[in-house]
Amino acid sequence: MAGTGSAHMRSGQDRVLVVDNLVVEYPAGRGQKVHAVSGVSFDLLDGETLGILGESGCGKSSAGRAVMQLPPPTSGSVRLDGAELTGLAPRALRTRRRKMQMILQDPVSSLNPRRRVRDLVAEGPSIWGTRPARERIESMISSVGLDPAVVWDRRPHELSGGQCQRICIARALMLDPRALICDEPVSSLDVSVQAQILNLLEETKTRYGLSMVFIAHDLAVVKNISDRIMVMYLGKVCEVTPSARMSESALHPYTRLLLASVPEADLGPGGGIELTTGEAGREAPGDAALALPGGTPGGLPDVVPVLSGGTAPAWPGDAGPAVGRARTGGRSADGVGDGAIELPSPLNPPSGCRFRTRCPLATARCADEEPLLRQVGDGHYLACHNVGD
Amino acid sequence: MSQRPHAPARPPGGSAPLLVVEDLRTEIRTPRGNLKAVDGVSLTLDAGETLGLVGESGSGKSVLGRTVMGLYTTGPAMTVSGRVLIDGADVHALGDAGRRELWGAGVGMVFQDPMTALNPVKKVGVHLTESLRRHGGLSRAAARARAEELLRLVGIPEPARRLGQYPHELSGGMRQRVVIAMALANEPKLLIADEPTTALDVTVQKQILDLLGRLQDELGMAITLISHNLQVVAGRADRVAVMYAGRIVELAGADVLFAAPRHPYTEALLASVPRLGRPPHSRLEAIDGAPPDMVAPTEGCRFAPRCRYAREDCHRVPPVLAPEAAGGRARAFACHHPVRPVVAGGS
């Protein structure tokens, strides 16, 4: 999948963040390189949340860190409010980057264990020369849902994971940022706490007029918080889609594989709370997601039998033994089988489309020619030779 | 997707269950006092059945799994009381040698992190042949042949070559397959899978869960599937037990539990999960507050301080896990003021 395409980039003045042709490579010894991010472009409108979705090793975190210049990308351009961030001297970079803050996955290790909450929250402005007034720190702690009187003198180990993540958010907000880069901010939290933090991020975004890049592997979480979703695989972009229609209109074989892998359909009705009032608003997202509705632009019916049931085609690159699939019972009727499917090495990614080794639709063209992102619907962009026409 | 027809929640009368847990309590000694990690759990599991055990961190689900397995026993660090019978044998009355026999042949366990479950300096083949030779009494060559067969069974390509590899040479999904192969080596009747897919990507997770389902159908073993992820358990278990603060608060067939929870905690937990089927920016129903301190838990219902339906008696009288009064499928919940059941036939 390409990603070298830029069809999904928008023009206009309200773009907070513009990332162009981002490349991140890490040396791996013996002259080899890990191709973590290979020519990814995206932009972020004022007040928008962009979700970056992908599995481990797809380069989503590397992309997020490269945007923050932690470390700077191998090549490519990152512009925040029109100002270039790459290639700056450290001091100039720190000044310009201030308006972009990052929230990380593990909130406990993101905080200095020896500092107290009051100092942790005040740290950003203190580094910039002005220790904020006590009232400002207190109001910020309250705004992330903690009681300043209770947590004021506490250290991170005296707080729960969810509370630490609230403190991380408060720290980021103290510098009055334009954009937040959230890298798996709720992955290490329990579901009930995850819901609290997702609600808080949503509230914070509205209240402070922020834009957000939300990096995660959980489809439902990303869909819930994002306006637009970018799906990545092995350092490239597969598909960019408005989040509201992702489940129904996603076309890329990889996105469909992700959707088919979510055990969601088994969970029953949409929400327990509504149930008490009698109406069982059963949404059947899983099955609906698998059946491409007829009206979908470019919906090719031949994707459906491959991913949602029927006969199991031989997946090129799926080295799983025939016995693994032949014996597959009713529970794995999606044709994916339960044989092992390995991710290709990022040291030496496949030519052409990087997903072709796992793709049920791959043809000779996929090996020779890298698909470019092209528009297939309103706000919907796709990098695949075989679907969407 | 991939729904499996549910076995009846409980076979009428019939043979003795494979696993019986009676009033199990595991207390872990801490400087502040005894932490009641598992606080009076009773359940049964039939041969070939899958029981899902869900709960958030600290709910005691993993400690329960390990106590059932006999990995946690009374000692300097903890006290275990109650009974665990696997196929009639009292796990905690067996000596160390007896328990080793049990682990080798009767029960298998799959842990969350396959890297720490495997010895980094031993080859895959050694992991597999060790228990085959020790418990199965196989010769070196026979054990190797069986190990190869096991790797093939769990869907690992080129099994002969993989036997000579070290764990670090395998991907996370492959390592978990090896751990499953180890657990299955002597065809156990019961498999305890503690968060078997939590460390894995969603596409790999599906492969592993499908694999466990297929192996269960082929080998007829019972599975206890422990997970914090409700979705993972929903599609795979016949019955589901929801744990909160060391106790089972609700136990029911998977379909009824998720369709119409009766315990307020189950309901709240289900409502806090983001769903793909909802429009973006839907507000999630978070559960306010935090779980109780298990060293000195509150009297009464442990969920009461966070419960939207709690009344005065909830804070005083601990509810017992009681079967539902009205007929229908066997289900039980521990609540004085349960969620109103959904009227049958409603959509």
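Quick one: if the Förster radius is 51 Å, what FRET efficiency do residue A:389 and residue A:119 give, using the C-beta to C-beta distance and rounding to 0.05? Working from the Cβ atoms, E equals 0.30.
Cross-link partners of residue A:236 among lysines, defined as those whose alpha carbon lies under 24 angstrom from its own and excluding same-chain residues fewer than eight positions apart: A:33, A:60, A:223, B:206.
Given R0 = 25 Å, the distance between the Cβ atoms of residue B:42 and residue B:290 translates into a calculated FRET efficiency of 0.40. Annotation: aspartates and glutamates with alpha-carbon distance below 12 angstrom to residue A:99 (same-chain offsets under eight excluded): A:81, A:176.
Computed over the stretch B:110-205, the P(r) tail beyond 19 angstrom holds 35 percent of alpha carbon pairs.
Size check on the stretch B:89-145: the Cα extents along the three principal axes, sorted descending, read 34, 30, 14 Å. A simple spin-label model places the labels of residue A:9 and residue A:23 1.5 nm from each other, with each point 7 Å out along Cα-to-Cβ. Structure remark: mean-square fluctuation, Gaussian network model of chain B, C-alpha springs under 10 Å; the largest value among B:229, B:119, B:186 belongs to B:119. Cβ-Cβ distance of residue A:347 and residue A:187, R₀ of 30 Å, FRET efficiency by 1/(1 + (r/R0)^6): the value works out to about 0.70.
Taking 0.36 nm per residue of separation and subtracting the current Cα-Cα distance, fully stretching the chain between residue B:324 and residue B:311 would add 2.6 nm.
Under 5 Å from the amide H of residue B:47 lie the amide H atoms of B:18, each residue being 5 or more positions distant or on a separate chain, with H modelled from the backbone and absent for Pro and chain starts.
Under the simplified labelling scheme, the residue A:375-residue A:75 pair shows an inter-label distance of 2.8 nm, with each label point 7 Å from Cα along Cα→Cβ.
Within the same chain, lysines fewer than 8 places from residue B:189 are excluded, and of the rest, those with a Cα less than 21 Å from its Cα are B:61. With 0.36 nm allotted per residue and the present C-alpha distance subtracted, the residue A:32-residue A:56 stretch has 6.6 nm of extension available. With the simple model of a label 7 Å out from the Cα in the direction of the Cβ, residue B:89 to residue B:115 spans 3.4 nm. Pairing chain B with chain A buries about 6000 Å² of accessible area. This figure sums both sides and uses a 1.4 Å probe.
With the biggest extent put first, the Cα atoms of the stretch B:184-330 measure 51, 39, 37 Å across the principal axes. Note that the protein assembly as shown presents 39 Å² accessible area per residue, ligands and nucleic acids not counted, probe 1.4 Å. What percentage of the solvent-accessible surface of the protein assembly as shown, computed with a 1.4 Å probe over protein heavy atoms, is contributed by carbon and sulfur atoms? Carbon and sulfur together cover 53 percent of it. Sorting B:35-48, B:266-279 by their mean Cβ neighbour count within 10 Å, with the most densely packed peptide first, gives B:266-279, B:35-48.
Counting Cβ atoms of other protein chains within 10 Å of each residue's Cβ and taking the mean over peptide B:196-206 gives 5.
Cα-based radius of gyration for the stretch A:15-236, normalised by 2.2 N^0.38 Å, reads 1.01. Ranking of B:111, B:258 by solvent-accessible surface, largest first: B:111, B:258 (1.4 Å probe, protein heavy atoms only, all chains present).
What the Cα convex hull of chain B gives, in volume per residue, is 162 Å³. Within the stretch B:32-48, which residues have the backbone N less than 20 Å from the label spot 7 Å out from residue A:157 along Cα→beta-carbon, could you tell me? Residues B:32-35 fall inside that zone.
Across the protein assembly as shown, the volume of the C-alpha convex hull divided among the residues equals 174 Å³ per residue.
The mean number of partner chain beta-carbon atoms within 10 angstrom of a residue's beta-carbon across peptide A:184-194 is 5. Scoring B:282-290, A:65-73, A:232-240 by mean Cβ neighbours within 10 Å over their residues and listing the highest first yields A:232-240, A:65-73, B:282-290. For the stretch A:1-112, pairs of C-alpha atoms spaced more than 22 angstrom apart make up 36 percent of the total.
In the stretch A:204-238, the residues whose accessible area drops by at least 40 square angstrom when the other protein chains are added to the isolated chain are A:220, A:223, A:224; the probe is 1.4 Å and only protein heavy atoms count.
The values are calculated or read from the model by the stated rules, or taken from the named source; none is laboratory data. Bear in mind that the values here come from a model prediction, so they are computed numbers and not experimental data. We place every Cβ from the backbone using ideal geometry, glycine too, and count neighbours over all the protein chains shown. Please note that ligands, DNA and RNA were not included when accessible areas were found on the heavy atoms of the full protein model with its side chains. Shrake-Rupley method; radii C 1.70, N 1.55, O 1.52, S 1.80 Å.
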